[in-house]
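Worksheet for the structure shown next.
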Amino acid sequence: MWGGRFASGPSAIMEAINASIDFDKRLYREDIAGSIAHAEMLGRQGIISTADAAEIRQGLETIRTEITEGRFAFSKAREDIHMNVEARLAELIGPAAGRLHTARSRNDQVAVDFRLFVKRAAEDLDRALRALQEALLARAEEHAATVMPGFTHLQAAQPVTFGHHCLAYVEMAGRDRGRVRDAIRRMDESPLGAAALAGTGFPIDRHATAEALGFREPTRNSLDSVSDRDYALEFLSAAAICATHLSRLAEEIVIWSTPQFDFVRLSDAFSTGSSIMPQKKNPDAAELVRAKTGRIAGSLVALLTIMKGLPLSYSKDMQEDKEQVFDAIDSLALALAAMTGMVSDLQVNAAKMRAAAGAGFSTATDLADWLVRELGLPFREAHHVTGRVVALAEERRVALEDLPLADLRSIEARIGQEIYSVLSVDASVASRTSFGGTAPDGVRAQAAAWRERLASEG
């Protein structure tokens, strides 16, 4: 490729460190699409003949078929996907292949290939997140009134519903999708035509190639065009946050599926056994989702570190961007598929959830609220009174609703029989009617709103 300048070829070590074909061959569809768009534009602009442009297109389509069908022989000596395709094109159509690289550099070529790939991966991620939202919504609707303990500090705090808990992850996935779509909007610009770094003197039509490749418009600065990897960083950032959300849900599934909790049971499809303990049913799918978060976050940190000290414009360091992104894409796609599957066929032990919801004096706040609402106590005083009631119940080893009225009145004389109407977990959940609260009707309303929102997306 650069034999006119160099008297000898690279050493074996240089060839090994320089070659990227082992991983960037994954970009073949994008590379061929970019080359076809470029060649056809060159033909329309009269920069090459229309006959050469047509021959180039036909040759590139043949190569795409060869790669898709597994008949293409990749060569490490040709470094990357771009040179592998170009060399094969020369074998197929002869000298006309050499005209393809007119008004183009590998710098803008790889930039457009990679941007196209990341854009499509982001669109796939958006669809996968929607599928997870739909799975969570189905469970939220099914369990809008299924009472479970809500936790802070992993201590029982107040009763909530399992449907409300599922909707919390629908919200997280919604924010993930928002970040992904924002990233797509920013990356929807074509760097093709920026050439090596300064643009080109040929009368190319960058708007035409941008449109042909499905981009909104071309990039506006040639230096930035070939050196920008913000789109990859944004994708990895959104992926890392998304993976963190999945990891939180995975952790809860791991905890909930223990015999000590027994809130949920994973199907055999998402569990494994033990080689020595026949009774075991391990939540390995959830654990692996949790673990893959480290890989995805690591990919973000790796690419940030690669990019942090690079002067404009292109540097070979950027070759190290793809493996990080490819790994994150694969890891997150698998984690999302596994989580969607787990959520869809999760067995919920409503009786165990309900029993646990009343443990730990979880309706104490309802008692305090009643004292404020019915007796007019300042909340801090009501908090103190409730604390004394809890201490008494703990001493007697009974639930709040099992304390006799006389015991309650020994702490606050004005407490009446009606206090028992707020001390059950059902009453507690039903009372949380504020917008976004856990009352079953509120959960159903929020689930319906999400259904409407997803339906409006088409």
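Listed here are the residues, each with its yes/no results for (1) free of Cβ contacts under 8 Å to residues at least 24 places away in the same chain; (2) of a type outside the set (Gly, Ala, Ser); (3) surrounded by 13 or more Cβ atoms within 10 Å (Cβ to Cβ); (4) over 18 Å from Gln347 (Cβ atoms).
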position: Pro259; (1), (2), (3), (4): yes, yes, no, no
position: Phe263; (1), (2), (3), (4): no, yes, yes, no
position: Ser267; (1), (2), (3), (4): no, no, yes, no
position: Val289; (1), (2), (3), (4): no, yes, yes, yes
position: Lys292; (1), (2), (3), (4): no, yes, yes, yes
Discussion item. Residues to consider are Glu418, Glu412, Glu457, Glu452; find the one that is acidic (Asp, Glu) and open to solvent by less than 30 Å² (accessible area, probe 1.4 Å).
Written reply: Glu412
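This table checks each residue for (1) modelled with pLDDT of 90 or more; (2) buried (at least 18 other Cβ atoms within 10 Å of the Cβ); (3) closer than 21 Å to Arg373 by Cα.
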residue	(1), (2), (3)
Ala391	yes, no, no
Glu395	yes, no, no
Val398	no, no, no
Leu405	yes, no, yes
Asp426	yes, no, yes
Ala448	yes, no, no
Worksheet item: Can you find even one residue in segment 60-83 that is open to solvent by less than 20 Å² (accessible area, probe 1.4 Å) and within 23 Å of Ile204 (Cα to Cα)?
Response: yes
Worksheet item: What number of residues in segment 203-219 are of a type outside the set (Gly, Ala, Ser), surrounded by 15 or more Cβ atoms within 10 Å (Cβ to Cβ) and either touching a residue at least 12 places away in the same chain (Cβ under 8 Å) or farther than 17 Å from Ala39 by Cβ (or both)?
Response: 8
Worksheet, complete the sentence: Listed by first then second residue, the pairs whose first member lies in segment 166-191 and is assigned to a helix (DSSP H, G or I), whose partner is of a type in the set (Ser, Thr, Tyr), with beta carbons under 7 Å and at least 6 positions apart or on separate chains, are Ala183/Tyr231; Arg186/Tyr231; Met187/Tyr231
Worksheet item: Looking at Arg130, is it of a type in the set (D, E, K, R) and surrounded by 22 or more Cβ atoms within 10 Å (Cβ to Cβ)?
Response: no
Worksheet item: For segment 313-336, what are the residues that are open to solvent by 60 Å² or more (accessible area, probe 1.4 Å) and in a helix (DSSP H, G or I)?
Response: Lys316, Asp317, Glu320, Glu323, Asp330, Leu334
Worksheet entry | Conditions (1) in contact with a Phe, Trp or Tyr (Cβ under 8 Å, 6 or more places away or on another chain); (2) assigned to a helix (DSSP H, G or I); (3) open to solvent by less than 10 Å² (accessible area, probe 1.4 Å); (4) not aromatic (Phe, Trp, Tyr); number of the one not met by Asn107 | (3)
Worksheet item: What number goes with the only condition from (1) open to solvent by 50 Å² or more (accessible area, probe 1.4 Å); (2) more than 31 Å from the chain's Cα centre (by Cα); (3) free of Cβ contacts under 8 Å to residues at least 24 places away in the same chain that Thr386 does not pass?
Response: (1)
Worksheet item: Does Asp113 satisfy the condition of being in contact with an Asp or Glu (Cβ under 8 Å, 6 or more places away or on another chain), acidic (Asp, Glu) and surrounded by 22 or more Cβ atoms within 10 Å (Cβ to Cβ)?
Response: yes
Worksheet, complete the sentence: Note: among Gln319, Gln347, Gln324, just one is of a type in the set (S, T, N, Q) and under 30 Å from Pro259 (Cβ atoms), namely Gln347
Practice prompt. List the number of the failed condition for Leu310; all other conditions in (1) over 19 Å from Ala240 (Cα atoms); (2) out of contact with any Ser or Thr (no Cβ under 9 Å at 6 or more places or on another chain); (3) surrounded by fewer than 16 Cβ atoms within 10 Å (Cβ to Cβ) hold.
Written response: (2)
Fill in: Sole exception among (1) open to solvent by less than 50 Å² (accessible area, probe 1.4 Å); (2) touching a residue at least 24 places away in the same chain (Cβ under 8 Å) for Leu197, by number
(1)
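The values are calculated or read from the model by the stated rules, or taken from the named source; none is laboratory data. These numbers come from a predicted model, not from an experiment. Positions of Cβ are backbone-derived with ideal geometry, glycine not excepted, and every protein chain shown enters the neighbour counts. In case anyone asks, the SASA skips ligands and DNA or RNA and just uses the protein heavy atoms, side chains included. Shrake-Rupley method; radii C 1.70, N 1.55, O 1.52, S 1.80 Å.
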